[in-house]
Each structure stands twice: as C-alpha cells, then as structure tokens.
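The structure appears right after this line, and notes come after that.
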Amino acid sequence: MTEGIILKGVGGFYYVDTPTGLVECKARGRFRKTVGKPIVGDRVSLEIQAEDGTGYLLDIAPRKNSLIRPAVANLDLLVVVASAAQPVTDPFLIDKVTAIAVHKGIDALVVINKTDADAGDALAAIYAQSGFETLRVSAQTGAGIDALRARIRGLVSAFAGNSGVGKSSILNRLDPQFGAAVGAISDRIGRGRHTTRHVELHPIAGGGYIADTPGFSSFETGQMDLVRADALEHAFPEFAPYLGQCRFTGCAHVKELGCAVRAAVAAGAIAPSRHESYVKLYESVKDLKEWEITKGGTR
C-alpha cells in the first residue's frame, strides 16, 4: 500500500501523485458506497498492481475542507489576484471569494498585481483593515514574486482572478516550468484537452501544488459555493467585534436601526465596500431554501 494525492479525475480514472510517480487508479465497485466519491486534492491510500503499474484506491483520508464547485479538497490557501490597473477588479468579486474561503476554513491571500502601473494603495488598505493578508506584486517586473513564491511553498493553493488581471503571468513567474508541467501531466494522462475543463492540481518547483480551478480562474461567481445567510456575517472577519452588540437579536446588518456593524461602517472601522458586498451577498441568499443552498454548494 502507498499514499498520494489526487491530481486529476476523468471518466472514472484518478491520477495520483505518489512518492514513486504518477499512478493511474480506479475505484473498485463498492468504493463509492463505503468510502465516498474521490475528488481532486484528496489524500488517498492505494494499491499498485505489479503487472502494469496502475492502481486501485483503497481509502480517503479525512478532509480538512472541501468545495463542491469547483470540486477540490484540502486547500491550504486561496489566492485572490486583483488589480487597481486596467482591468480594475470589482471588490465584490474579491469579497465573494474571501467569504467562501473564511466559511470553509481556508486561508485567504489578496494579491494585488500590476503594481508597476498602479500601486493599489486603496485596495491594499481595504483588505489589510479587513484582516486579510495582502501582498503586492508585478508580474511585469517581478516585484513581490519571491515573497509570493515563499508564501505558497509546500501548500495546496488555488488562484482566482478576473480576466486580464495577470493570473497566468504570475503563475509563469512563480514557476517557469509551470506550463511545461501542465503539458507533461496532460501527455501522461493521454486524454487530450476537454471542452469542459476539470479541476487539476499541478506540482510546482520547491514543493506544493497549484489548483487549476475553472470558475475560480475566471471569477465565474455563479459557479462557486454559496454561504448561507445565517453564516454570512461570520465570513467577514472584521464584523466579529460587533456581532452580538446590535440592538435587536437576529440583526441582519443590512438596514436595521441600532446595528453595531452599520455603526462601525459609519465610524470608518469597516470599509464601506466590504459592507456593500455583504449586503449584496445576503440579499442573494436570504430567501433560498436549505435544499437550494446545499445544491448550490455549501454544507
């Protein structure tokens, strides 16, 4: 028996990174009934067949977190790439992804790219005040890339960013072999490109993995997990000191009188854009039934 991490799953086959290399595996018939459906990022045990080097999955280690859309497990870090230069990132997109990360117990890092064109002072101030780790980089000049490389080393990370923000350029700066590694895994699997892209983990130089996650990659926020209305206030870390301090029990922090969160916004302790994003997210989920929330991706 050996152990590894699932890099990709296609058509009932799972490709597992092990100490001895990449192994193509299948899950035996009863596996899904007794253990569950494997997803990318799962830490698994497997049995390798001596005849052809393929394997069978035996067990899945307990997950520390998981997302349904995109389907990936055991993320250590969600890197949200933004820019104050064109195309300027809408803070709502950042706030939806960071809310998912907080709700799921995944560390979030806000990376402001294109600082050679705009330093992004306002964005950096908002997220530093909100309690998120922030880092400024330039894929064009290489500034800040070493710090980002050190931050993700040894971790399983996913990168999110709106189109044109320079996410791919950052990844290539982080590891010049990243594109080659992606191609090598695709060649090894031998299944070519798919119209519907799947989540895939790519090993990176220095240790760790980067998740190629459709949806997160393009900020298709409608395809992401949802956070329930009653849990949303906890997905905004800067709200924490004010929760339970509102005049009325069950305050939604939207327009209620005597709301401590709204008072903190007015006093400058919470960024107005963050509260605006909270209200927008709250309004989008407040009337959903539990089964709709579950179908949407949260647990």
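The values are calculated or read from the model by the stated rules, or taken from the named source; none is laboratory data. From a predicted model like this one, the values you see are computed outputs, not experimental measurements. Cβ atoms come from the backbone with ideal geometry, glycine included; neighbour counts cover every protein chain shown. Surface accessibility is based on the protein's heavy atoms, side chains included, excluding ligands, DNA and RNA. Shrake-Rupley method; radii C 1.70, N 1.55, O 1.52, S 1.80 Å.
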| All positions within the stretch 1-44 that are outside any strand (DSSP E or B), among the β-branched types (V, I, T) and under 15 Å from D59 (Cα atoms) | T34, V35, I39
| When L135 is evaluated against the numbered criteria (1) free of Cβ contacts under 8 Å to residues at least 60 places away in the same chain; (2) within 18 Å of V16 (Cβ to Cβ); (3) not in a helix (DSSP H, G or I), which criterion, by number, is the only one it fails? | (2)
| Conditions (1) part of a loop (DSSP other than H, G, I, E, B); (2) at pLDDT below 95: number failed by L75 | (2)
| task | Kindly establish whether P70 is open to solvent by 30 Å² or more (accessible area, probe 1.4 Å) and either of a type outside the set (D, E) or under 11 Å from the mean Cα position of the chain (by Cα) (or both). | result | no
| request: Considering only residues that are open to solvent by less than 60 Å² (accessible area, probe 1.4 Å), part of a loop (DSSP other than H, G, I, E, B) and not polar (S, T, N, Q), look in the stretch 138-163 and name the one that is farthest from A84 (Cα to Cα). | output: G154
| remark: Note on S186: of the conditions (1) among the small types (G, A, S); (2) under 28 Å from G12 (Cβ atoms); (3) modelled with pLDDT of 85 or more, unmet is (3)
| field | From the options E238, E283, E256, E220, residue that is open to solvent by 60 Å² or more (accessible area, probe 1.4 Å) and modelled with pLDDT of 90 or more | value | E283
| query | Restricting attention to the stretch 45-68, which residues are of a type in the set (D, E, K, R), touching a Leu at 6+ places or on another chain (Cβ under 9 Å) and assigned to a loop (DSSP other than H, G, I, E, B)? | reply | K64
| task | Please identify the pairs in which a residue from the stretch 245-273 that is under 22 Å from L123 (Cα atoms) has its Cβ atom under 7 Å from the Cβ atom of a residue that is modelled with pLDDT of 95 or more and surrounded by fewer than 17 Cβ atoms within 10 Å (Cβ to Cβ), counting only partners at least 6 apart or on another chain. | result | V265/P272; A271/Q129
| task | Only residues that are among the small types (G, A, S) and either open to solvent by 80 Å² or more (accessible area, probe 1.4 Å) or over 11 Å from E3 (Cβ atoms) (or both): list them for the stretch 42-54, please. | result | A50, G53
| task | Mind telling me which of the residues G154, G144 ends up being more than 24 Å from L7 (Cβ to Cβ) and modelled with pLDDT of 95 or more? | result | G144
| request: With the condition kept exactly as written, say whether any residue in the stretch 88-100 is of a type outside the set (S, T, Y), within 22 Å of G207 (Cβ to Cβ) and crowded, with 21+ Cβ neighbours inside 10 Å. | output: no
| task | Read through the list (1) touching a Leu at 6+ places or on another chain (Cβ under 7 Å); (2) assigned to a loop (DSSP other than H, G, I, E, B), then give the number of the only condition that A119 fails. | result | (1)
| query | Going through the stretch 256-267 one residue at a time, which ones are outside any helix (DSSP H, G or I) and out of contact with any helix residue (DSSP H, G or I) (no Cβ under 8 Å at 6 or more places or on another chain)? | reply | L257, G258, C259, A267
| note | Residue set H202, H198; condition open to solvent by 60 Å² or more (accessible area, probe 1.4 Å) and either at pLDDT 85 or above or not in a helix (DSSP H, G or I) (or both); output residue H198
